[in-house]
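The values are calculated or read from the model by the stated rules, or taken from the named source; none is laboratory data. For clarity, every value in this text was computed on a predicted model and none was experimentally measured. Quick reminder, even Gly has a Cβ in these numbers, built from the backbone with ideal geometry, and neighbours come from all protein chains shown. Note: areas computed on protein heavy atoms with side chains; ligands, DNA, RNA excluded. Shrake-Rupley method; radii C 1.70, N 1.55, O 1.52, S 1.80 Å.
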Amino acid sequence: MLEAVSQGYGSTVVLDRLSMSLRPGITALAGPNGAGKTTLLRTLATIVPPRSGSVTIDGRAVDGERAARTVRSQIGYLPQRFGFDPHMRVVDFVTYGAWLRGVPARDRSRAVSEALEMVDLISLRRTRMRKLSGGMRQRAGIAWAVAGRPRLVLLDEPTVGLDPRQRLHFRKIVAGLNDTVVVLSTHLIDDIAATCDRVIVLHGGRVKFDGAVADLAATSTNDLPGHTELERAYMALLPTEEQHL
Ligand SMILES: Nc1ncnc2c1ncn2[C@@H]1O[C@H](COP(=O)(O)OP(=O)(O)OP(=O)(O)O)[C@@H](O)[C@H]1O
């Protein structure tokens with residue numbers, strides 16, 4: 001949960017007194033380039049403390065580094081461009097994620113196998129990361145983020161660079177996480193329509209829309225560009241000069 005959270009860099013305000021409460025299910029975080037999606041995810045991941053306002057994760061106020069360290073065991077954050085040792089085997093990469101979140105040693109191997117099964121990489125568990133295709137790497141990243149089943153999963157533009165088949169596969173994986181609080185940032189309106197229950201549209205540091213995907217689609221009018229109701233409704237939320245996806 002965020003309450004009146006502000007965030008920025010130098011004199012630039014990126015998030016302006018933002019409040020939101022997240023629930024289990026898949027929430028899309030949409031908005032034009034520079035809207036602050038990554039900044040919001042990094043704030044939720046407790047990587048950067050807010051300039052003002054409060055962040056509560058899993059019922060605990062994140063009011064300092066000590067509290068942040070405790071709640072991080074319940075957060076799986078996959079940055080847009082995540083790093084890995086190319087020589088690492090897939091299983092070791094995912095085990096590393098579980099270890100970072102403090103999954104106890106006795107549970108780690110089961111947690112890693114579960115995560116690899118979820119993303120369909122169990123047969124490639126011994127393969128080196130550098131040998132994986134882009135889509136497979138992205139799936140390994142998701143396994144890294146969900147191993148040990150953290151309560152909050154944050155995925156930053158997870159479908160960028162994936163081909164249509166890989167995107168369909170991704171949607172199937174994410175659908176399996178609907179008992180977890182999942183926030184995924186995306187520019188792709190059809191990914192939102194196919195995967196998410198809820199959509200939060202950010203623009204100018206503020207929340208422009210927060211509600212059910214179907215409710216956003218229902219606000220669409222025919223006088224704006226877009227191929228679907230949802231695209232047109234999304235466009236209507238952005239000032240004219242910023243109507244790009
Ligand atoms: N480390 C930083 N230092 C200074 N400014 C930054 C930094 N990171 C982001 N910004 C600025 O903050 C604003 C929000 O950036 P952010 O990456 O959160 O947006 P975004 O919605 O994720 O964008 P995109 O869709 O392009 O990934 C942008 O104007 C960006 O230039």
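Let me cross-check K37: its accessible surface, 1.4 Å probe, with only protein heavy atoms counted, in Å² to the nearest 10?
K37 exposes around 10 Å² with every protein chain in place.
Roll a 1.4 Å probe over the protein heavy atoms and report the accessible area of V160 in Å², nearest 10.
V160 has an accessible surface of roughly 80 Å² with all protein chains in place.
Over what distance in Å are the Cα centres of the range 34-53 and the range 171-217 separated?
The range 34-53 and the range 171-217 have Cα centres separated by 18 Å.
Specify the residue with the greatest mean-square fluctuation among H187, H203, H227, computed from a Gaussian network of the chain linking alpha-carbon atoms under 10 Å apart.
H227
Placing +1 at every Lys and Arg Cβ and -1 at every Asp and Glu Cβ, with all other atoms neutral, what dipole size does the range 54-173 have around its Cα centre, in debye to the nearest 20?
340 debye
So how strong a dipole does the range 177-225 carry about its Cα centre when Lys and Arg Cβ are +1 and Asp and Glu Cβ are -1, to the nearest 20 debye?
The calculation lands at about 220 debye.
So between N33 and E65, what do we pick up on full extension, going 0.36 nm a residue minus the alpha carbon distance? Before the final figure, lay out the partial values.
On the way: separation 32, 0.36 × 32 = 11.52 nm, distance 2.97 nm.
Residue separation times 0.36 nm, minus the Cα-Cα distance, leaves 8.5 nm.
What is the dipole size for the range 59-116, taken about its Cα centre, with +1 at each Lys and Arg Cβ and -1 at each Asp and Glu Cβ, in debye to the nearest 20?
120 debye
Please report the net charge: other residues with Cβ closer than 12 Å to the Cβ of T46, K and R +1, D and E -1.
Net local charge, T46 excluded: +2.
7 Å from Cα along Cα→Cβ at both Y9 and N222: what's the point-to-point distance in nm?
Simple spin-label model gives 4.3 nm for this pair.
What are the lysines whose alpha-carbon lies under 28 Å from the alpha-carbon of K131, with same-chain residues fewer than 8 places away excluded?
Straight-line reach from K131, under 28 Å: K172.
At a 1.4 Å probe radius, carbon and sulfur cover how many percent of the accessible area of the chain?
50 percent
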